[in-house]
Each structure stands twice: as structure tokens, then as C-alpha cells.
1. Is it true that F278 is hydrophobic (A, V, I, L, M, F, W, C) and free of Cβ contacts under 8 Å to residues at least 40 places away in the same chain?
2. List every residue pair whose Cβ atoms sit under 6 Å apart, with the two residues 6 or more apart in sequence or on different chains, where the first one lies in region 447-469 and is among the polar types (S, T, N, Q) and the second, anywhere, is at pLDDT 75 or above and assigned to a loop (DSSP other than H, G, I, E, B).
3. Go through (1) over 26 Å from the mean Cα position of the chain (by Cα); (2) within 30 Å of I315 (Cα to Cα) and name the single condition E153 misses.
4. Please note which strands (runs of 3 or more DSSP E) are completely contained in region 468-544 and include at least 2 residues that are charged (D, E, K, R) and surrounded by fewer than 16 Cβ atoms within 10 Å (Cβ to Cβ).
5. Can you tell me how many residues in region 132-149 are among the β-branched types (V, I, T) and either free of Cβ contacts under 8 Å to residues at least 60 places away in the same chain or in contact with a Gly (Cβ under 6 Å, 6 or more places away or on another chain) (or both)?
6. Only one of these is assigned by TED's automatic domain parsing to the domain that holds Q375 and on the phi > 0 side of the Ramachandran plot: G296, G354. Name it.
7. Within region 171-205, which residues are of a type in the set (F, W, Y) and surrounded by fewer than 16 Cβ atoms within 10 Å (Cβ to Cβ)?
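The values are calculated or read from the model by the stated rules, or taken from the named source; none is laboratory data. Bear in mind that the values here come from a model prediction, so they are computed numbers and not experimental data. Backbone-built Cβ (ideal geometry, glycine too); neighbour counts: all protein chains shown.
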Amino acid sequence: MSGLLKFITCGSVDDGKSTLIGHILYDAKLLYTDQEKALELDSKVGSRGGAIDYSLLLDGLMAEREQGITIDVAYRYFTTDNRSFIVADTPGHEEYTRNMAVGASFADLAVILIDAKQGVLVQTRRHARICALMGIKFFVFAVNKMDLVDYSEERFKEIEAQIKELADELKLESIYIIPVSATEGDNVTTKSDKISWYKGEALLPYLEKVDVTEKKQEEGFYMPVQRVCRPDHTFRGFQGQIESGEVKVEDEIVTLPSNERAHIKSILVGDKDSQSAFMGQPVTLQLDKEVDVSRGCVIASGNNLPISKSFTATILWMDDEELTPGTDYLVKLGTKQIPGILKNIQYKIDVNTGEFIPAGQLKKNEIAVCDLDLQEPVVIDEFKKHKTLGELILIDRISNMTSACGVVEDAAVDESKDLKAAFVYGSLKGNGDIFEEFYYNLESMTIAKVRPVQKTYTIGDEIPVSGESYQYPDDFDIVILRERIFVQVRGRKVEKIAPLAEYQYSNVPVINGRGFAVAITSAQDAQAFLDELAAAGEKPSSDFFNKWLHFETYRKIIFKDEIWL
């Protein structure tokens, strides 16, 4: 028997998701006698003239039955001779997109239904995009209601072309397309004579055989710590589920983010001692020395997991209230929950076209790429590299409701990864923080830095010397401390980009990479500045910045009721 398959059904309103799963349960003889009789009785007062309405098996809420649609996520468990299944039947209406996302978060495979009369719709694209966002790699597109288009092969091929175009756009890894009729049972559990031109498998046999094991294994061993177990003063164990790799007694490990090294003293799988443990097992690990580890930390070996307090994520906004930059949330990453701030919306994604759209706020069910800052560094990685360390939810700090879910796109170990404008010449690169707008968000009572400029400048390019919160002269020098380069701007154009060690004062105003005035008015000042910077090393102290930098010369803070890019 194949392993357990967790899958989700989704699609537009009235595409027949509940009917499809109900038909599988009915045809495969997976109902108890009283369930079958209740279904037949309920169907007599339904909308199919006494014929069995298979959707009633899943649409359990009275409100759903009255409307003839699915509202909440309905989970069903069933087993055939060949496999065990958990299926989540999810709502199709856009209003309940967040419900659908919850169902997608647990699944290995998505069955997306498409009405043969309507083809690929906006909701089809939305659901496929969200399933991909939630990490689903395997997709079955069931072209339903083939009976209403006279089982037309031509119509199926039209929709097949639309699906393949969508799969290419979203870079879906595995797709399988099946023509079905959920109400009539065609190609649901067995091949249909009415669709003889289709040479593939029926839906249930395909689900029984499909291998959803990801071919690419995650690197090394790691286990997010779920709980520290201390039954008495003689034992301190770290409990969690191994997410990748294998660990053995006496193996050397590293604890993150504290970066302490230790060896495995003992391994408990359940209440039994073991010499080793592997991916998927819940274990208790005891180390040979005391280390700084608590819930949310990670025990690892054989990999190089990033530690960062800033990152970029793609999120699905699920809250009724609009999202605005500068708002604080509780961020749950793996087993870690930590305060954080959503600094910036880079752009939102049009679910229909995939277009990137500049945005200053998000409404419910919209998808966007955003920048976030955490209160302290944590172990975090790109979702595509380490799934458990790259999936997150945002929790409202007042209501404690889930406001968004998403995945990490870029674990920005160094702050420069977070910045979108830059000066580039040859191998030299300096981030263009001078274009940041400084806004005071009256709603959240926080200062937010917003980046409306997202392009690269090189020698000969004209730069915008004014914005809402900054005004620079036409001629000035920029000293970018983090990357140790300088930029000469003359007549609003970039004239030179060179290493900071070559900088010489030329009787024009000097600003740093953030747009703050630098207190340099002579060659002697410039040399003293460079000498003190070199002596300070990688991270100059606050004394250095307080001595040399002034915010108010070219910058100010703009008050905003709402923040827009």
C-alpha cells in the first residue's frame, strides 16, 4: 500500500468539488449503511429531482446546504485497498480564500476543478497560485461537467492548453489533467466509456498511485526545538520533530542561533532509547553539555542555516482590516514566535496576470511581496530550501487572530539584500538608501521607511534629487559606508563611482548612504572622517554617527494617515 496522501480540492464556486469527493466515497463503498441511507433521503428534498446529491456528504453546515456552496474547510478521512487519504474540501468563493489557504497548508497535492463550460477562471488562477505559495508541488486539474459539453474532446483540449499556460506561468512542477463528470461519475473512480478518447487514468486510481515524495532532499540534519523537557535536575532534553536528515549518538551538532557546539549524548524516540533517529520522527535529544537552547531554537549539523532578523516574504493577506507598512505583528516561524514589523510592501501580485503592481496597502485575499524586521535574529531560510524554516504566519498582537500566511523568499542575512535601489559600476555596488521616504504612520504611530525607487543607477544616469521627505542639491558626494564606496553627483547625474579609499573632498556637500548630511567642509575633515571610519572597523559606534551625521539637513519626516509607495 502507498503511504498516506493528504490532498485538497479547490476551484471556483459550483465547480463540483464536494460532489466529486462525495462520488468517490459513494462509488468506492466507503460509507456506512446509515450514511448511505441518510444521503439518499436527504437527496430526495434536494435540487436533483431525487437523484443522489453527492455534495451533501461533505457540505455539513446548514448554511452551506441552504446556499448550495461550501463555506468552511471540510476534512474527510478514508481508505481504499491501495491507500489512505485525508482530503480537505475547500470553499470556492473569493470571500473564503483564507479558508482555502488553511486547507492548502496541510496538503501534498491539489485537485483543482475547472468547469468545462467556463474554462480557467480568475479563481482557478488564485487557487493554483496559493497552493504553489503553500508549497504544493503536485497538481491534478479535473475538467468537470464534461457531460454538459457533450464530452467534447475539442473543448477539453482548449482547456488543457489554458492549464498548461497557467502551469508554465506559475512554474508548477507536476500536473495531471483528467476530464470528469462528478455528478455522473465519469472518470471519477473508473474509466468512462463516454470519454473513450481520453487515454489517461481515472481520478481515484491516479491518486492511489501518485508518488508525492519530493525528489530533492533538504540539506543536512536539523530539528526545530518544540519543548525543553526537564523532569528533574539530572536530565535536560530538547524535543521536536526531525525535519531533515539523520542524527546518531555521539554526532557533533550546533545549536542555533547561539552557535554552540555539543555532542548527542542520548536519543529518545517515544520513551525508548535509540542510537539514531531520522526525518519525520519526533524525538528527545540530550546533549553532553549545557547550551543556550529554548523553544524556537534549532539543533543542526551538516548545513549552513542562515540567522537573520530581516527577510523578504510572499504573503497572503487574510485580515478584514487593510495592511499598512509600519504595523507590528507576532511572527510565527517554525516553532519560534517573535515580535516583528512589516516595513515595506515591495509590490502586490495580480492573481490573474501575475503582474507586479506597486502598492502601499493590502486588502483581504491579496498577495504581495513584503519586507519584515524581527525583534532579534532567528534561524530562518528560504522556503524552497528548508520548508519548516521558511513558512510563517502573522498574528495580530491585539486580537490574536491570524492576519497573514506566507513563505520566506529571501533570508536577508545582510541588510543590503533588503534594499532595492543601488549604484553599480563594474564590480562596485552601493545601496541607494538615499531614495527612502521617511513617513510617520499616524495609524500605527511608528516611523516607516518606504522605498519608491526600485532601479539601478550607473555613471551617466540622472537621479531623482527630491522626494516627499528629501531634497538634495544638484551637486554633491555620497559616501556609502556599508559597501565602502563613494558616488559623485554633478548636475543631478552620476559622474563617478569608486572605492571610498580613493575619496577626495571637492568643495560640494557630502551625504551618507542614508541621505544624512556628513559634517565634512574641508579636505582635513574628510581625512579625519575616513581615518575614524577605518579605526571603527565593520560596525562604527553611535559616537561616530552622532559626531559626523545630521538627519535634518536634507531630510524630514512626513506625517501620513496612510502610507503609500
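1. Numbers: hydrophobic (A, V, I, L, M, F, W, C): yes; free of Cβ contacts under 8 Å to residues at least 40 places away in the same chain: yes.
Spelling it out, F278 is indeed hydrophobic (A, V, I, L, M, F, W, C) and free of Cβ contacts under 8 Å to residues at least 40 places away in the same chain.
2. That search, which allows pairs on different chains as well, returns S469/K556.
3. (2)
4. Values: elements: 476-480, 485-490, 493-499, 510-512.
Per the criteria, 493-499.
5. Filtering region 132-149 down to residues among the β-branched types (V, I, T) leaves 136, 140, 143, 149.
Those left that are additionally either free of Cβ contacts under 8 Å to residues at least 60 places away in the same chain or in contact with a Gly (Cβ under 6 Å, 6 or more places away or on another chain) (or both): 143, 149.
Matching residues across region 132-149 total 2.
6. Working: G296 fails: assigned by TED's automatic domain parsing to the domain that holds Q375.
Result: G354 is the single residue among G296, G354 that is assigned by TED's automatic domain parsing to the domain that holds Q375 and on the phi > 0 side of the Ramachandran plot.
7. Start the filter on region 171-205 by keeping residues that are of a type in the set (F, W, Y), which leaves 176, 197-198.
Once the filter is applied, which keeps residues that are of a type in the set (F, W, Y) and surrounded by fewer than 16 Cβ atoms within 10 Å (Cβ to Cβ), region 171-205 yields only W197.
Results for (1) within 19 Å of the chain's Cα centre (by Cα); (2) among the aliphatic types (A, V, I, L, M), shown as yes or no for each residue.
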{"residue": "V283", "(1), (2)": "no, yes"}
{"residue": "P306", "(1), (2)": "yes, no"}
{"residue": "T312", "(1), (2)": "yes, no"}
{"residue": "L316", "(1), (2)": "yes, yes"}
{"residue": "D319", "(1), (2)": "yes, no"}
{"residue": "K343", "(1), (2)": "yes, no"}
{"residue": "D350", "(1), (2)": "yes, no"}
{"residue": "F356", "(1), (2)": "yes, no"}
{"residue": "C370", "(1), (2)": "yes, no"}
